[in-house]
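The structure under discussion appears below in the form of structure tokens.
The values are calculated or read from the model by the stated rules, or taken from the named source; none is laboratory data. Everything numeric here is computed off the predicted structure, so don't read it as measured data. A quick note on method: Cβ atoms are made from the backbone with ideal geometry, for glycine too, and the neighbour counts reach across all protein chains shown. Just so you know, the surface numbers come from the protein's heavy atoms only, side chains and all, with ligands and any DNA or RNA stripped out. Shrake-Rupley method; radii C 1.70, N 1.55, O 1.52, S 1.80 Å.
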Amino acid sequence: MKLVLAALLASTFSLAAFAQSIPEEQPLKLSKREEAAKRLMVEDAYEAPKGILFNEAAYLAGDTDYNDFTNVIVINKAARGPGAQKLRLYTNRRLVLSTNVSTGTEELEYIGKFKGIVNGIFKGSRESHWRHTTRGFYNIKRVYNYDYRSGESKFMMPYAMFFNDKRGLAIHQVPPDIVGGEANGVAALGSRASGGCVRVKSGPINLIHEAVVRADKGHMPVIDSRTGRQVYENGKAQTKVGFSSIVIVEEY
């Protein structure tokens, strides 16, 4: 019996020693592309959840916190399905335009050191970025004419109307100078194809731009980007001087 116990103890100690001798599994080192994806492909806290954000019935009835805006521009950034990759323009509670668009591909554009140098000399992004179109409610903040160019990539962004300055996102015409030319960009409308901005073909973009410029600025409600509700501070409704046009980006 003593011999059996001794053998069992010896076996236990041997197994413990063997287990300790096995090196701990080290976490796999991420590639530079994977590190960039982990760092960049993170939604901002102000983004609205997926789903329908624009309550058309309530808007047409004059019963939303953004009814004071002259123009409401609604974009469905979904990749597929009824209404996917569509923009609708409402002016004074009337639908005046519906057109195909291209929003961000929702993929990482990885820019290595060499490509960043080349892009800096010629055209294109100089740093890796997530080709992401943010969901939510955004006041239009800056408006430009046909000859506007991206300060980062140098590509043309005709009639750019910026709605998210943090991400550098705007509604604009398909760039005439993109790779493959404007015709390729127009052919891609109706599918995700951009770096994050909302591309529109010539014609509809002129109507949208004209509507935004014509509506001009005023004391507009400050709208929560996640909920679409007016922001209150100390019980007082907040307003701010800005364009009388709001962009709603949804995904359903």
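Scanning the range 70-115 for residues that are touching a Gly at 6+ places or on another chain (Cβ under 6 Å) and open to solvent by 40 Å² or more (accessible area, probe 1.4 Å) returns a single hit, 100.
Each residue in the range 150-197 was checked for being at pLDDT below 95 and not acidic (Asp, Glu), and 9 pass. The set of residues from the range 35-69 being open to solvent by 30 Å² or more (accessible area, probe 1.4 Å), touching a Lys or Arg at 6+ places or on another chain (Cβ under 8 Å), assigned to a loop (DSSP other than H, G, I, E, B) and of a type outside the set (Asp, Glu) comprises 46, 49, 50, 53, 62, 67. Just so you know, in the range 71-88 the residues that are within 19 Å of the chain's Cα centre (by Cα) and part of a strand (DSSP E or B) include one that is farthest from residue 248 (Cα to Cα), and it is 86.
There is no residue in the range 199-208 that is open to solvent by 60 Å² or more (accessible area, probe 1.4 Å) and within 15 Å of residue 138 (Cβ to Cβ).
Scanning the range 233-245 turns up at least one residue that is open to solvent by 20 Å² or more (accessible area, probe 1.4 Å), more than 21 Å from residue 75 (Cβ to Cβ) and among the small types (Gly, Ala, Ser).
If the condition is being hydrophobic (A, V, I, L, M, F, W, C) and surrounded by 14 or more Cβ atoms within 10 Å (Cβ to Cβ), then the range 119-148 contributes 130, 137, 140, 143.
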